[in-house]
Amino acid sequence: MLVILSMFSYFLIFALLAALAWRDLKEYILPDPLNTALALSFMAFHIATHWRFVSPAQAATGALAGGGLLLVIRAFANKFYNADSLGLGDVKLMAAAGLGLGVPDIFMALSLGAFVALLHGVVMALGKRKCNHKVKLGQINVPAGLGLAAGIAIVAAHRFGLGPFLNARF
């Protein structure tokens, strides 16, 4: 039964990350119910695998580190730009991911996510420039959730792989 729960929650994690990325790309929002479902899916995965990949302490510190770091970045960016520059949905996404990935993997996910978001911003800028629009790089509104979800998915796939399901002895 635990093998089925771990497999279900594992694939649900990636489905939720895809849904979060899609919603942020289309609507610039990361809904609380999806972030909550992601956190619960990570918890179910870890419980079903008997915390084989991430200890409860790593999960707790990962949630604090992921959400806390983005909250600090948000505070500084909002002060610098005098506007909401990073949504609380992004903060909650990284807290949920930190719960799933733990420390130090949440930092790798954040770094990869920032890189993917940077590439997305460059593509957006080039697309606007190609349409003969004046492009000010400081004014391009890139949905961070797309990059963050990609970074989380890459790290989760690398960290957890499919190995647990091939040997299925939790």
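Seen against the Cα atoms of the chain and their longest principal axis, helix 88-101 is set at about 30 degrees.
The long axis of helix 105-130 is offset from the longest Cα principal axis of the chain by roughly 30 degrees.
Count Lys and Arg as plus one, Asp and Glu as minus one, and take only other residues whose Cβ is under 12 Å from that of residue 54; the net charge is then +1. Sorted on the mean count of surrounding Cβ atoms within 10 Å across their residues, most packed first, peptides 117-128, 29-40 read 29-40, 117-128. Here the peptides 103-112, 80-89 are ranked by packing, the mean other Cβ count within 10 Å, and the order with the highest first is 103-112, 80-89.
Between the listed residues 73, 6, 118, the Cα displaced farthest toward the positive end of the dipole of the stretch 2-167, a dipole computed from Cβ unit charges relative to the Cα centre, is found at 118. With a Cα cut-off of under 23 Å and a minimum spacing of 8 residues unless on different chains, the lysine pairs in the stretch 2-167 number 8. The slack in the chain from residue 124 to residue 32, taken as 0.36 nm per residue of separation less the alpha-carbon distance, amounts to 30.5 nm. Shape class for the stretch 1-46: prolate, because the ratio a/c of the largest to smallest gyration tensor axis (alpha-carbon atoms, square roots of eigenvalues) is 1.5 or more and a/b beats b/c. On alpha carbon coordinates alone, what is the Rg over Rh value for the chain, Rh being the Kirkwood radius? Here Rg/Rh amounts to 1.03.
Each of residue 77 and residue 8 was given a label point 7 Å from its Cα along the Cα-to-Cβ line. The distance between the two points is 3.6 nm.
Over the residues of the chain, the helix contribution to mean residue ellipticity at 222 nm works out to -26500 deg cm²/dmol, using -39500 (n - 2.57) for each DSSP H run of at least 4.
Readers should treat all values here as calculations from the given coordinates under stated rules, not as data from a laboratory. All values reported here derive from a predicted model rather than from experimental measurement. Glycine also receives a Cβ, built like all others from the backbone with ideal geometry; neighbour counts cover every protein chain displayed.
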